[in-house]
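Following this message is one structure expressed as structure tokens.
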């Protein structure tokens, strides 16, 4: 059954209370490695949002019109991954042509989106939760924005952390993970206000 | 037949996506005809954009030296780009120093030709050709160095003694891609129809293993060249040459060239370092040249001569022998120049000895490839 959800609630929930990164801890690798500077974080956030929305739409169509009618649901992982990889490849070529500057600043991270688990995660959530097409688009777009918000927030905190007296053993990924933990607690604080499943 | 549905679905979806990618590739990577203007318009090439600068130039018979064949792992294919092609890529930065970055020197294998582009390359590169040659003879000159002669099959190569060529190694056994390696020519510039290379077996080396095990007389091999700027200067200064192993190659070419062209009034000291008598090549030829040419002195030094060999020449490390001669035998009043060819370690050590004996670094010449 398609769940009965207010689109606006779904959008805000996917950005804040069910933030794909801080509530589900998906897409951590690039989140930790790129959040060191603001410009790359913004670029990557934008790229993730675009890829997330596009692939969720494509995957929803394939799921509803190919996998479910043919009773091939067990193929969803492989199909979703193929779609994600192909979309990233096409996007990479288009960005290279249209905006070489953006292409340069994203560098290796654009192809790395292929293996960003947040993207596969969203595709799987929309299947588990039985979202309609519109809900899928809103949920994917919101999740992308949420991921973008989280990485930019972390980049900003990292900037302050440079000056902080962090114990030697916690420098680098250690303090980053602790920071993410605090951020997650803050975001979970919203969860009483909105809830979607 | 139900079991076929799943593979068919995966295949069809993959096929559609692959088709989409190639269509987008065709549209997006079609840059139309672009012009590459070389050295301020001295030569203008019109070709289809989308390829790397290195391969675009190669398709027009202009060969920028490249040891790795365009994978961005050797850093040899540097070339100055004077029009805007964007910032340096992360793949280029490790191979460039600050000065080169400021002059917008790029790795030509990493720069994609998308629009009209202006580049500067050494004039010599216009002379570089890809020559289909045939192996004429292969001879062991020591236990691990082969002298390989190539017949250029009617083509000619014009070079100054001391230059090198790139040997194109085809894919073999587990080596999938074609590779290129630089070898100094040991043949004389006057023998325009032939090229002779000295190839030492480096354990695990892609090109040397191929040359030592699979290269046969009569095989066709591509040579690209001539490259480099190693040559004798046009001065009267005493030449202090130092070589080890297959580093003999450029000196063999330079020395015979000088002798035959009658440049015998110039003082030349040639130090050749090896471990044992088994590692010395062209000993008789060099001794003969030494006896025929007053001002040429050949000094071979063995670091570990076998006891039974009856070696009467110098013993010890080549750097120690070089130091001894610079201090006692070679006229310090006259200008001196250093010429080095060998391993990077040997070049570094000899550089130290030469500079310690008041030969300035500007007067020391060597090629930068190992």
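Roughly speaking, what is the centre-to-centre gap between the stretch B:231-277 and the stretch B:192-216 when only Cα atoms are used, to the nearest Å?
When both Cα centres are located, 23 Å separates them.
Quick check: the angle from helix A:76-98's long axis to the longest principal axis of chain A, C-alpha only, nearest 10 degrees?
Taking Cα atoms only, the helix is inclined about 60 degrees.
Provide Rg and Dmax in Å for the stretch B:33-125, with only Cα atoms included in the calculation.
Spelled out, the Cα radius of gyration and Dmax of the stretch B:33-125 are 12.0, 33 Å.
When you take every Cα atom in the stretch A:110-159, what is the radius of gyration, and what is Dmax, the widest Cα pair distance, in Å?
12.8, 40
Given only helices, namely DSSP H runs of n ≥ 4 each adding -39500 (n - 2.57), what is the per-residue ellipticity at 222 nm of chain A, to the nearest 500 deg cm²/dmol?
For chain A, the value works out to -21000 deg cm²/dmol.
What per residue convex hull volume, in Å³, comes out for the stretch B:128-227 when only alpha-carbon positions are used?
Spread over its residues, the Cα hull of the stretch B:128-227 gives 89 Å³ apiece.
Next up: With springs only between Cα atoms under 10 Å apart, run a GNM on chain A and tell me which of A:129, A:76, A:97 wobbles the most.
With Cα springs under 10 Å in chain A, the top fluctuation among A:129, A:76, A:97 is at A:97.
For the stretch B:179-222, list residues with backbone N below 20 Å from a point placed 7 Å from the Cα of residue B:151 toward its Cβ?
Within reach of a label on residue B:151, which here means backbone N under 20 Å from a point 7 Å along Cα→Cβ, the stretch B:179-222 contributes B:186-198, B:215-222.
Ok, one more. Please provide three numbers in whole Å: the alpha-carbon extents of the protein assembly as shown along the principal axes, with the largest listed first.
That works out to 102, 61, 54 Å along the principal axes.
Over the stretch B:238-366, one equal point on each Cα, no solvent: what is log10 I(q)/I(0) by the Debye formula at q = 0.09, 0.11, 0.20 Å⁻¹?
Log-scaled intensity ratios, in q order: -0.23, -0.35, -1.22.
For the stretch B:80-175, build the convex hull from the C-alpha positions and give me its volume per residue in Å³.
Taking only Cα atoms, the stretch B:80-175 has a hull volume of 216 Å³ per residue.
Rounded to the nearest 500 deg cm²/dmol, what is the calculated helix-only ellipticity per residue at 222 nm for chain B, with -39500 (n - 2.57) per DSSP H run of length n ≥ 4?
Computed ellipticity for chain B at 222 nm equals -7500 deg cm²/dmol.
Once you have the Cα-Cα distance between residue B:126 and residue B:1, take 0.36 nm times their residue separation minus that, and quote the gain in nm to one decimal.
Stretched out fully, the residue B:126 to residue B:1 stretch lengthens by 38.7 nm.
Right, here's the next one. If I fit a long axis through the Cα atoms of helix B:248-260 and take the longest principal axis of the Cα atoms of chain B, what angle between them do I get, 0 to 90°, rounded to 10?
60 degrees
Still on this model: How far, in nm, would the chain grow between residue B:20 and residue B:360 when pulled straight, counting 0.36 nm per residue and subtracting the alpha carbon separation?
This chain segment gains 116.2 nm when fully extended.
Calculated FRET efficiency, residue B:140 and residue B:320, Cβ-Cβ r, R0 35 Å, to nearest 0.05?
Once rounded, the FRET efficiency stands at 0.75.
Translational diffusion coefficient of chain B at 20 °C, 1.002 mPa s, Stokes-Einstein with Kirkwood Rh over Cα pairs, in µm²/s as a whole number.
The diffusion coefficient I find is 92 µm²/s.
Given the C-alpha centroids of the stretch B:24-95 and the stretch A:87-161, what is the distance between them in whole angstrom?
About 32 Å separates the Cα centre of the stretch B:24-95 from the one of the stretch A:87-161.
If I fit a long axis through the Cα atoms of helix A:38-62 and take the longest principal axis of the Cα atoms of chain A, what angle between them do I get, 0 to 90°, rounded to 10?
The angle comes out near 10 degrees.
Compute the distance from the alpha-carbon center of the stretch A:46-77 to that of the stretch B:125-144, in whole Å.
Cα centroid of the stretch A:46-77 versus Cα centroid of the stretch B:125-144: 57 Å apart.
Can you sort A:131, B:366 from fewest to most other Cβ atoms within 10 Å of each residue's own Cβ?
Listed from fewest to most nearby Cβ atoms, that is B:366, A:131.
Further question on the same structure: Given contacts defined as C-alpha pairs under 8 Å and at least six residues apart, what's the relative contact order of chain B, whole-number percent?
Computed over chain B, the figure is 12 percent.
Another question about this same structure. What is the order of B:150, B:159, fewest Cβ neighbours within 10 Å to most?
B:159, B:150
Largest first and to the nearest Å, give the Cα extent of chain A along each principal axis.
58, 45, 28
Here's something else I'd like to know. Hey, with R₀ at 45 Å, roughly what FRET efficiency would residue B:73 and residue B:236 work out to, going by the Cβ-Cβ distance, to 0.05?
Efficiency computed from Cβ-Cβ geometry: 0.60.
Also: In what sequence do B:88, B:143, B:297 fall when counting other Cβ within 10 Å, fewest first?
Listed from fewest to most nearby Cβ atoms, that is B:143, B:297, B:88.
Read-outs: derived from the displayed coordinates by stated rules, not from any lab. The structure presented is a predicted model; accordingly, all values stated were derived computationally and were not measured. Glycine also receives a Cβ, built like all others from the backbone with ideal geometry; neighbour counts cover every protein chain displayed.
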